[in-house]
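Notes to accompany the following structure.
The values are calculated or read from the model by the stated rules, or taken from the named source; none is laboratory data. These figures come from a predicted structure and were not determined experimentally. Cβ sites come from the backbone with ideal geometry, for glycine too, and all protein chains shown count toward neighbours. Accessible surface is based on the protein model in full, side chains and every heavy atom, while ligands, DNA and RNA are left aside. Shrake-Rupley method; radii C 1.70, N 1.55, O 1.52, S 1.80 Å.
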Amino acid sequence: MLRPNRKNRPSREEKAALNRQAIIDSAAVCIGKYGYNDASIAKITDGAGLAHGTFYNYFEDRQDLFDQLLPIKGVEILDYIKKQIGPAKSLIEMERFGLLAFQSYVQENPWFFRLLHEGRFASPRGHAAHMDNLFRPFVRALKRWQNKGELKGYTEEQLESLAYLMIGARDYLFIRSTDKGTVFKPIEEAQLNAYLDLLQNGILEKPPES
C-alpha cells in the first residue's frame with residue numbers, strides 16, 4: 001500500500017500563511033472589480049478558493065482586512081520599485097525608473113488604483129499607514145540626492161513638502177492611463193518627459209556657469 005508523501009505537504013503554519021495570502025490577493029482583485037463596498041467576504045473567499053468561515057481565522061471582519069490590505073500591497077509595490085531604481089545615477093533617473101516600474105506593476109495589477117483611491121475613504125487607517133510607508137523612504141531618498149549636490153538647499157520641511165508634491169504628481173500622471181479602474185494604458189513618453197523636465201528645471205541644483 002502506497003503511503004502519501006508528506007515531505008511536500010505544507011506545515012500547518014505554512015498552510016495558514018498561504019490561506020491568509022490568498023485572502024489578501026483575492027481581496028485586492030475583488031476591490032478592483034467591485035469596489036470596497038461590494039467586495040463581500042463571500043466574494044473574497046470564493047476568489048481565494050476557501051470556505052467562507054476560513055476568513056475569520058485570519059481577520060476579525062471585513063474592515064480589519066481592509067485596514068491591513070493597502071499597507072501590505074503598498075509594501076509589495078514599493079519593494080518591486082526599489083529593485084528597479086537601484087541602478088539610478090541621478091534623481092531624474094530614479095524618477096524615470098520608478099515611474100516605469102510602477103507602470104509595469106499596475107499593468108499586471110490594475111486593481112491597485114481603485115484599492116488606493118477608494119481606500120482613502122473606505123479605510124482611512126490603512127490609507128494613512130500606506131502613505132506613511134511611502135512618504136518616509138521618499139524623503140530619505142531626496143536627502144541622499146541633496147547630500148550628493150543634486151537638489152537645491154531645501155530645508156527639512158521643504159523636502160517633506162517636495163516629497164508629497166512628487167508623490168501626488170506620480171498619481172495624477174497615471175489618471176489618464178486608467179479606464180474604469182480595471183484597464184491600464186501605458187503613459188505616453190511625452191507625459192513622462194514633461195514631468196521629468198519640470199523636475200529638471202525646477203528642483204535640481206544648477207551647475208555653476210563657467
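Would you call A42 of a type in the set (A, V, I, L, M, F, W, C) and more than 20 Å from K185 (Cβ to Cβ)? Taking the combined requirement at face value, the residue satisfies it. Does L142 fit the bill of being touching a Leu at 6+ places or on another chain (Cβ under 8 Å), over 19 Å from D79 (Cβ atoms) and surrounded by 20 or more Cβ atoms within 10 Å (Cβ to Cβ)? Considered against the rule, which asks whether it is touching a Leu at 6+ places or on another chain (Cβ under 8 Å), over 19 Å from D79 (Cβ atoms) and surrounded by 20 or more Cβ atoms within 10 Å (Cβ to Cβ), L142 comes out as yes. Of all residues in the range 56-72, exactly one satisfies the criterion of being over 22 Å from the mean Cα position of the chain (by Cα), touching a residue at least 40 places away in the same chain (Cβ under 8 Å) and under 28 Å from R136 (Cβ atoms), namely Y58. Residues of the range 56-103 that are in contact with a Phe, Trp or Tyr (Cβ under 8 Å, 6 or more places away or on another chain), open to solvent by 40 Å² or more (accessible area, probe 1.4 Å) and either among the hydrophobic types (A, V, I, L, M, F, W, C) or assigned to a helix (DSSP H, G or I) (or both): Q68, Y80, Q84, I85. Residues that are touching a strand residue (DSSP E or B) at 6+ places or on another chain (Cβ under 9 Å) and under 13 Å from G202 (Cβ atoms) within the range 151-164 comprise L151, K152, L162, listed in sequence order. Consider the range 122-135 and keep the residues that are under 16 Å from L65 (Cβ atoms) and out of contact with any Leu (no Cβ under 7 Å at 6 or more places or on another chain). The one that is surrounded by the fewest Cβ atoms within 10 Å (Cβ to Cβ) is P124.
Do you know which of the residues in the range 32-55 that are aromatic (F, W, Y) and outside any loop (DSSP other than H, G, I, E, B) is least open to solvent (accessible area, probe 1.4 Å)? Top of the filtered list is F55. Filtered by the rule that a residue be in a helix (DSSP H, G or I) and either surrounded by 12 or more Cβ atoms within 10 Å (Cβ to Cβ) or in contact with a helix residue (DSSP H, G or I) (Cβ under 8 Å, 6 or more places away or on another chain) (or both), the range 145-160 gives W145, Q146, Q158, L159, E160. Looking only at residues in the range 179-210 that are open to solvent by 90 Å² or more (accessible area, probe 1.4 Å) and farther than 19 Å from L91 by Cα, which one is modelled with the highest pLDDT? The extreme case among them is E188. The residues of the range 104-137 that are among the hydroxyl-bearing types (S, T, Y) and not in a helix (DSSP H, G or I) amount to a single one, S123. Six or more apart or on different chains, Cβ under 9 Å: which pairs go from a residue in the range 162-177 that's touching a residue at least 12 places away in the same chain (Cβ under 8 Å) to one that's among the hydroxyl-bearing types (S, T, Y) and open to solvent by 30 Å² or more (accessible area, probe 1.4 Å)? Could you list them? What qualifies is L162/Y154.
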